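Written out below as structure tokens is the structure these notes cover.
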Amino acid sequence: MIVDNKYCVIMAGGVGSRFWPISTSKFPKQFQDILGVGRTMIQQTYDRIKKVVPLDHIYVITSAEHVDVVQAQLPDLNPENIVGEPMMKNTAACNLYMALKIQDRNPEACIAVLPSDHLILKEDIFEEKVNIAFEETKEYKTLVTIGIEPTRPETGYGYIQFLDKKDDNVFKVKTFTEKPSLEVAKTLLESGDFLWNAGIFVWEAHEIVSAFQKFLPEMYQQFSDCPYNTEDEKSYIATVYPKIQKISIDNGILEKAKNVAVVPADLGWSDLGTWTSIYENAEKDENNNADNSRYVLTYDATGNIIHIKNKNKAVIIDGLNDYIIVDTDKALLICPRDHDQEIKDYVTELKTLKKGEKFI
């Protein structure tokens, strides 16, 4: 494949509400150095894909209010390649928007689509698998997703069922399953033919656009008349976005299309979507506590994640086991680790309080 046909879209529009109170609407988790490695999540994603895709072919789509943050964190990126969405419309809209925008510049473009806030430890394997996906979509006109080999019955991820082995690297997709119950997740894991859905996709621009024409024709029509890559693009998008259906690319396209393939991969992957996922990937002390503060004392306390913004603050934890303790300038969270999926609900309820919005 001619390397100049490789493109990438980094999706950076989420607010990470399950990661509150560190992740807020003003400064979501993708713009933070969650694991203390010296690079934010979006910077790590950018560092990873620029080994595969030419720098001027990397795009970021984010919320309009975070365009300046992206420019500050990715100063080498062409400002024209940083696109602001007027509002959140899930992943179908942003994928069609960017596919049409890139196709306008290069009708032969092949696009890798990446979440901006995932942990990938095995970066050499990531590079290998993405290149395999590029070759697959170019040769067979398939919509390719990279599936993660599951290690546990996880209820927080979607699953991909595969069949009809094409070769050692690529399989045909049979079904997509949304986040299952624990019992269903155990069954999927035991079957051996399911992978975690990491939300990493590779496809040719014209193939994904054709899929939208077939399965979401109204959305395609709404975007089709946009004067892409002109000074009028932004105003057109601002006008059309409020009218667009809010639906994921999985539900809107991939569950319906027949030409979907998956590349299984062991990437050392986590979506870092919850405090438990941070705990699992953090260094821990002799009591299995993970903390980021200089002055933490624990007594009869194990399995906790302790995240304090002021690292010079003294922290004493006595008698807590398997808890999340997060202290910021504006908020304090203390809850059991196995309630981490409920943090999103806490945030929703906080919005209902008088002046509660200022904390999120």
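What follows is calculated from the coordinates using simple rules that are stated; it is not laboratory data. Quick caveat: nothing in here was measured; it's all calculated off a predicted structure. Heads up, the Cβs are rebuilt from the backbone with ideal geometry, glycines too, and the neighbour counts pull from every protein chain shown.
In a reduced charge model with +1 at each Lys and Arg Cβ and -1 at each Asp and Glu Cβ, the stretch 269-317 shows a dipole moment near 340 debye about its Cα centre. For the stretch 138-154, the Karplus equation 6.51 cos²θ - 1.76 cosθ + 1.60, evaluated at θ = phi - 60°, returns couplings of 5, 7, 10, 6, 9, 9, 10, 10, 9, x, 9, 5, x, 10, 7, x, 8 Hz by residue, with Gly and Pro reported as x. Specify whether the C-alpha gyration tensor of the stretch 112-164 places it in the rounded, prolate or oblate class, a ≥ b ≥ c being the square roots of the eigenvalues: rounded for a/c under 1.5, otherwise prolate if a/b is larger than b/c and oblate if not. Oblate is the answer for the stretch 112-164, as a/c is 1.5 or above yet b/c matches or exceeds a/b. Rg and Dmax over the alpha-carbon atoms of the stretch 275-359 stand at 13.5, 42 Å.
Going down the list Lys26/Lys246; Lys89/Lys330; Lys29/Lys50; Lys26/Lys355; Lys89/Lys243, which pairs span over 18 Å between their C-alpha atoms? Walk me through the intermediate numbers first.
Details: Lys26/Lys246 22 Å; Lys89/Lys330 28 Å; Lys29/Lys50 21 Å; Lys26/Lys355 16 Å; Lys89/Lys243 10 Å.
Exceeds cut-off: Lys26/Lys246; Lys89/Lys330; Lys29/Lys50.
Relative to one another, the C-alpha centroids of the stretch 186-212 and the stretch 271-339 are positioned 34 Å apart.
Distance from the Cα centroid of the stretch 341-360 to that of the stretch 66-143 is 31 Å (rounded to whole angstrom).
Shown here are the Rg and Dmax of the Cα trace of the stretch 183-293, at 20.4, 61 Å. Annotation: extensible slack from Tyr346 through Glu231 equals 37.2 nm (criterion: 0.36 nm per residue apart, minus Cα-Cα distance).
For the stretch 333-339, putting each phi into the Karplus relation 6.51 cos²θ - 1.76 cosθ + 1.60 with θ = phi - 60° gives couplings of 10, 9, 7, x, 4, 7, 9 Hz, in residue order, rounded to whole numbers and with x for Gly and Pro. Would you calculate the separation in nanometres between label points at Gln221 and Asn106, each defined as 7 Å from the Cα along the Cα-to-beta-carbon direction? So the label points at Gln221 and Asn106 sit 3.2 nm apart. Between Tyr323 and Asn304, Ile305, Arg337, the built amide H atoms are under 5 Å apart, and every one of these is 5 or more places off in sequence or on another chain. In this structure the amide hydrogen of Val260, modeled in the peptide plane, comes within under 5 Å of the amide hydrogens of Leu143, Val173, none closer than 5 places in sequence on its chain.
Dipole of the stretch 141-196, Cα-centred, from +1 at each Lys and Arg C-beta and -1 at each Asp and Glu C-beta, to the nearest 20 debye? Can you show the working numbers first?
Details: 8 positive and 9 negative charges, 39 e Å.
Value, rounded to 20: 180 debye.
Length gained on full extension, Lys354 to Glu128: 76.3 nm, using 0.36 nm per residue less the C-alpha separation. Computed extension length for Lys330-Thr302: 7.5 nm, one decimal, from 0.36 nm per residue of separation with the Cα-Cα distance subtracted.
Between the beta carbons of Lys256 and Ile316, assuming R0 = 41 Å, the FRET efficiency works out to 0.15 to the nearest 0.05.
Taking R0 as 35 Å, what FRET efficiency do you get between Ser181 and Ala282 from their Cβ-Cβ distance, rounded to the nearest 0.05? Provide the component values of the computation, followed by the final result.
Values: r = 28 Å, r/R0 = 0.79.
Calculated value: 0.80.
Considering only alpha-carbon pairs that sit under 8 angstrom and 6 or more positions apart, the relative contact order computed for the stretch 182-303 is 16 percent. Protection proxy ranking of 262-274, 89-101, by the mean of other Cβ atoms within 10 Å over each peptide's residues and highest first, is 89-101, 262-274. Placing R0 at 45 angstrom, the Cβ-Cβ distance between Asp68 and Glu190 gives a FRET efficiency of 0.40 after rounding to 0.05. Would you mind ranking Val52, Val15, Val60 so that the residue whose beta carbon has the fewest other beta carbons within 10 Å leads the list? The most exposed by this proxy come first: Val52, Val15, Val60.
In the stretch 1-160, Rg over Rh equals 0.95, where Rg is the alpha-carbon radius of gyration and Rh the Kirkwood radius from pairwise Cα distances. Tell me the GluC sites (Glu not before Pro) within the stretch 132-233 that lie in a loop according to DSSP and have at most 15 other beta-carbon atoms within 10 Å. In loop regions of the stretch 132-233 (DSSP not H, G, I, E or B), the sparsely surrounded GluC sites (Glu not before Pro) are Glu178, Glu231. Note on the stretch 92-220: along the principal axes its Cα atoms extend 45, 35, 31 Å, ordered by decreasing extent. Farthest toward the positive end of the dipole of the stretch 3-270, out of Ile82, Ser63, Asn5, is the Cα of Ser63, where the dipole comes from beta carbon charges about the Cα centre.
Shown in residue order for the stretch 117-124 are the 3J(HN,Hα) couplings computed by the Karplus curve 6.51 cos²θ - 1.76 cosθ + 1.60 at θ = phi - 60°: 10, 9, 8, 10, 7, 9, 6, 5 Hz (x for Gly and Pro).
Dipole of the stretch 193-290, Cα-centred, from +1 at each Lys and Arg C-beta and -1 at each Asp and Glu C-beta, to the nearest 20 debye? Intermediate results must be reported in sequence, preceding the final value.
Working: 7 positive and 16 negative charges, 106 e Å.
That gives the stretch 193-290 a dipole magnitude of about 500 debye.
Starting from the Cα of Asp338, move 7 Å in the Cα-to-Cβ direction to define the label point; list residues of the stretch 143-163 whose amide nitrogen is under 17 Å from there. Answer for the stretch 143-163: 153-156.
Let me know the volume per residue of the alpha-carbon convex hull for the chain, in Å³. Please report the intermediate quantities before stating the final value.
Details: hull volume 53.6 nm³, N = 360.
Hull volume normalised by residue count: 149 Å³.
Here's the picture: charge each Lys and Arg Cβ at +1 and each Asp and Glu Cβ at -1 in the chain, and of Asn292, Ile325, Thr239 the one pushed furthest to the positive end of that dipole is Thr239.
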